[in-house]
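Written below as C-alpha cells is the structure these notes are about.
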Amino acid sequence: MPMESYSGLARAIHWAVAVLVLAMIPAGLVMVQDGLPRPVQNGLFIFHKNVGVVVLLLMLVRLGVRRLRPPPDLPAHLPGWQRRAAAASHAGLYGLAILVPVAGYVRVRAGGFPVEWLDTLGVPALVPRSDALAQAAQTTHYVAALTFAALIGLHVLAAFYHGVLRRDGVFGRIWPPVGRAGAERAASGPPGDGGAPS
C-alpha cells in the first residue's frame, strides 16, 4: 500500500527551492572571486540577490502550507535514530533556508545596495543604512550559508540512501508532483514488501 505523500504544492515548492538554491550556491561562490570581469560579477550579484528574495518568499509559503497541511508521518519501519535525524535536519534546513536570505537581504540593504526586483515593485528598504549592521549580516550570511550547504549535502545523501539503496518509499513522499504513477511506485517501496523493512 503506497505511503502518504506531501501535498502537491509542498512538493512543487520543495523542488523549486532546491533548483534555485543549487543555482545560487555556485553563483555566490564565484561572484566574490578576485579578477572576475565586472559585467559577470554584477550579473551574478543581481541573480544571487533577487533569487534569494524568491527563495525567501517560497519558504514562507512553504511554512504556511506546512501549517495548513502537516507533513505525512514517517514510515513506521524507520528506526528511532533516523526519525530524530530527519526531524533535526528538516528543522535546520527550514531555519537556514529562511535565515540565509534574510541575512543576505539585511547585508545588501544595510550596505546601501539595491535589490532590483523589489525596487522595481516599489518595495522600500526594510532596514536602515548601517555599515556595522551590514558587516554583522554579512558574517551571519556567510556562516549560515556554509552550514546550509553542509546540511543540503547530508540531505542529498539521505535521499540517495532511501531512494536508491534502500528503496523504502521515503523518497517517494517528496517526489515532484509529475508522473504520478512513478511517484506511487517510488512511495510504495520495493516490489513485494509494501515498503516494509526486510
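All of the numbers you see were taken from the coordinates with simple rules; none came from a lab. Remember, it's a predicted structure, so these values are computed and weren't measured experimentally. Every residue, glycine among them, receives a Cβ derived from its backbone with ideal geometry; neighbour counts consider all protein chains shown.
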What are the residues in segment 107-126 that are surrounded by 15 or more Cβ atoms within 10 Å (Cβ to Cβ) and of a type in the set (Val, Ile, Thr), if any? Val108, Val115
Pairs where the first residue, in segment 30-55, is part of a helix (DSSP H, G or I) and the second is acidic (Asp, Glu), C-beta under 9 Å, 6+ apart: Ile46/Glu116; Lys49/Glu116; Asn50/Glu116
Quick one: count up the residues across segment 24-55 that are in contact with a Phe, Trp or Tyr (Cβ under 7 Å, 6 or more places away or on another chain) and of a type in the set (A, V, I, L, M, F, W, C). 3
Of residues in segment 56-87 being among the charged types (D, E, K, R) and outside any helix (DSSP H, G or I), the one nearest to Arg107 (Cα to Cα): Arg69
When only residues in segment 127-173 that are part of a loop (DSSP other than H, G, I, E, B) and not β-branched (Val, Ile, Thr) count, which is surrounded by the most Cβ atoms within 10 Å (Cβ to Cβ)? Gly169
